[in-house]
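Here the structure comes first, spelled out in structure tokens, and everything after it is commentary.
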Amino acid sequence: ASALGRAGEKAERCLAELRAAGRDSPQRAALLKDAADAVYAYFIQRELCGLRRHHQIIREYDIPNEVLARLGAR
């Protein structure tokens, strides 16, 4: 459970950094990769805990489509 919490916190932090950077940021590509990696790790942790549906988390965390596309989710 603590690993799930840490993974969720990291995903939130990376998504916040991505939003704060803006679309024209020179760091955007790196932040997008970090966010996709963190969200992927969070999804894996959720699945290991038996939580297989991510729709609510996608809405709750407001995960951008460009991050989900990197996961193959959209």
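Can you name the residue in the range 34-55 that is part of a helix (DSSP H, G or I), within 19 Å of residue 2 (Cα to Cα) and among the hydrophobic types (A, V, I, L, M, F, W, C) and, of all such residues, is most open to solvent (accessible area, probe 1.4 Å)?
Within the range 34-55, the match that is most open to solvent (accessible area, probe 1.4 Å) is 48.
Among the listed residues 53, 46, which satisfies the condition of being in contact (Cβ under 8 Å) with a residue 12 or more places away in the chain and under 19 Å from residue 72 (Cα atoms)?
Matching residue, one of 53, 46: 46.
Give me the residue from the range 1-33 that is of a type outside the set (Gly, Ala, Ser), free of Cβ contacts under 8 Å to residues at least 24 places away in the same chain and closer than 23 Å to residue 49 by Cβ and, out of that set, most open to solvent (accessible area, probe 1.4 Å).
6
Take the residues in the range 56-74 that are at pLDDT 95 or above and assigned to a loop (DSSP other than H, G, I, E, B); name whichever of them is least open to solvent (accessible area, probe 1.4 Å).
Per the criteria, the residue is 63.
The values are calculated or read from the model by the stated rules, or taken from the named source; none is laboratory data. None of these values were measured; they are calculated from a predicted model. Cβ sites come from the backbone with ideal geometry, for glycine too, and all protein chains shown count toward neighbours. The protein model used for the area step is the full one, side chains on, heavy atoms only, and it has no ligands, DNA or RNA in it. Shrake-Rupley method; radii C 1.70, N 1.55, O 1.52, S 1.80 Å.
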